[in-house]
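This report concerns only the one structure given below.
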Amino acid sequence: MGKQTNIYLEENKKIGLPSKDEKRIIFFGNSITQNWSEYTDYLKENNYINRGISGQTTYQMLLRFRDDVVNLKPAAVVILAGINDLAGNNGPVTKEEVIDNIKSMAEIANANGIKVFLSSILPTYDFIWTPGVYPANDVIEINNNIKDYCENGNSTYVDYHTTMKDNRDGLKDNFTYWVEEVKRYDGVHPNKEGYQEMERIVSNKLKEIL
């Protein structure tokens with residue numbers, strides 16, 4: 001699982017339980033969530049808790065879900081997960097396994113009275129770190145499954161994909177950053193403009209439900 005599995009354990013102890021009137025919201029994910037605060041002050045300004053860990057797959061996230069989400073007793077959790085599974089960060093996995101892991105996190109949250117916001121995987125055409133893998137269609141298939149699950153259950157779908165995709169179903173160039181070493185756009189991780197677009201989308205969903 002790697003050294004990074006529980007990087008928030010000490011911080012979780014310091015945070016403690018929410019105050020009586022606190023409507024605690026946790027953003028839970030991988031590097032896309034972890035890096036958010038490096039680009040904008042959105043999470044900080046809203047007192048949202050960032051529980052993203054770079055490189056993690058849905059399986060690794062599921063293992064720490066109780067420590068980093070349930071035990072902090074939030075009113076809601078915004079989950080963004082799945083792209084590292086498709087990149088094969090921990091070896092090959094099926095789309096069904098990715099979907100099941102995401103649904104398991106949602107079910108654990110719901111069982112603990114936590115409102116769930118399931119984010120679409122961001123549009124991705126390929127990976128700098130895994131050449132030859134083209135996940136765009138798998139991303140769409142997983143997103144459609146998550147959307148259907150939300151429409152038939154106790155979760156809210158947060159659709160980043162529709163407005164952030166280009167004509168290859170990858171991340172639009174203006175929403176990601178240039179990597180000089182390889183002379184191309186990253187194509188997976190957002191830049192400031194990308195995060196601002198995500199903030200617009202998720203803020204509207206949070207206002208609707210909370």
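What follows draws every value from the coordinates through simple rules; no lab data is involved. Treat the numbers as computed from the prediction; the structure is a model and nothing was measured. Neighbour counts are summed over all protein chains in view; Cβ atoms, including those assigned to glycine, are modelled from backbone coordinates with ideal geometry.
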Taking Cα centroids, how far is the stretch 73-92 from the stretch 136-198 in Å?
13 Å
Taking the Cα-to-Cβ direction at Asn112 and at Val179 and moving 7 Å from each Cα, how far apart do the two end points lie in nm?
3.4 nm
Exactly which trypsin sites (Lys or Arg not before Pro) in the stretch 84-193 are in a DSSP loop and have at most 15 other Cβ atoms within 10 Å?
Arg168, Lys183
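Around Asp169, with a cut-off of 13 angstrom between Cβ atoms, what is the net charge of the other residues, counting Lys and Arg +1 and Asp and Glu -1?
Values: positive: Lys165, Arg168, Lys172; negative: Asp126, Asp138, Glu141, Asp166.
Result for the local shell: -1.
Any idea what % of Cα-Cα pairs in the stretch 22-112 are farther than 18 Å? List each step's numbers first, then the result.
On the way: 1730 of 4095 pairs.
Of all Cα-Cα distances in the stretch 22-112, 42 percent exceed 18 Å.
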Here the averaged projected area of the chain, based on the convex hull of its alpha-carbon atoms and given in nm², is 11.3 nm²
Report the calculated FRET efficiency for Lys73 and Asn204 (r = Cβ-Cβ distance, R0 = 30 Å), to the nearest 0.05.
0.75
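Taking 0.36 nm per residue of sequence separation and subtracting the Cα-Cα distance, how much length would be gained by fully extending the chain between Gln196 and Asp169, in nm to one decimal?
On the way: separation 27, 0.36 × 27 = 9.72 nm, distance 1.96 nm.
Net length gain for the segment: 7.8 nm.
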So which lysines pass the test for Lys165, namely a Cα distance under 28 Å, with those fewer than 8 places away in the same chain ruled out?
Lys44, Lys95, Lys103, Lys115, Lys147, Lys183, Lys192, Lys205, Lys207
